[in-house]
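Right, one structure below, let's go through it.
The values are calculated or read from the model by the stated rules, or taken from the named source; none is laboratory data. Just so it is clear, the model here is predicted, and its values are computed rather than measured. Ideal geometry is used to build each Cβ from the backbone, glycine not excepted, and the neighbour counts take in all protein chains shown. We work out accessible area using only protein heavy atoms, side chains counted, and drop any ligands, DNA or RNA first. Shrake-Rupley method; radii C 1.70, N 1.55, O 1.52, S 1.80 Å.
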Amino acid sequence: MIAGICGSYKNITSTGAVTANPGTLIGFYVNSTTTGTLVLRDGGASGTVMTGTITPAIGWHFLPAGFGLAGGLHATIANTLDVTFIYQPATTA
């Protein structure tokens, strides 16, 4: 991980919400996979698709621009995938 970037985390192994709150997705770490795939959505299960179908390798996947999450982050997982998401919750002034 790049120094100075930190956030909250959530590990999932099946389809579901990563966070229901606004923020920024920093990246994700694939802990293990067996032909697992991933689709990310902003705003829940029926929210806006942020990515096409990703077939990630084991290891860290950094999103250099950061993905803004207006309505939270939902991950659809197919096959076997153990993934930990790192995100920064939005701050309020």
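Hey, can you tell me all the residues within the stretch 52-81 that are part of a strand (DSSP E or B), surrounded by 12 or more Cβ atoms within 10 Å (Cβ to Cβ) and among the small types (Gly, Ala, Ser)? Hits for the stretch 52-81 are GLY66, GLY68, ALA75, ALA78. Scanning the stretch 35-51 for residues that are open to solvent by 20 Å² or more (accessible area, probe 1.4 Å), touching a Lys or Arg at 6+ places or on another chain (Cβ under 8 Å) and not β-branched (Val, Ile, Thr) returns a single hit, MET50.
Determine whether PRO89 is at pLDDT below 95 and either within 11 Å of the chain's Cα centre (by Cα) or surrounded by fewer than 18 Cβ atoms within 10 Å (Cβ to Cβ) (or both). Judged against the criteria, PRO89 is a match.
There is no residue in the stretch 8-22 that is buried (at least 17 other Cβ atoms within 10 Å of the Cβ), touching a Pro at 6+ places or on another chain (Cβ under 6 Å), hydrophobic (A, V, I, L, M, F, W, C) and touching a residue at least 12 places away in the same chain (Cβ under 8 Å).
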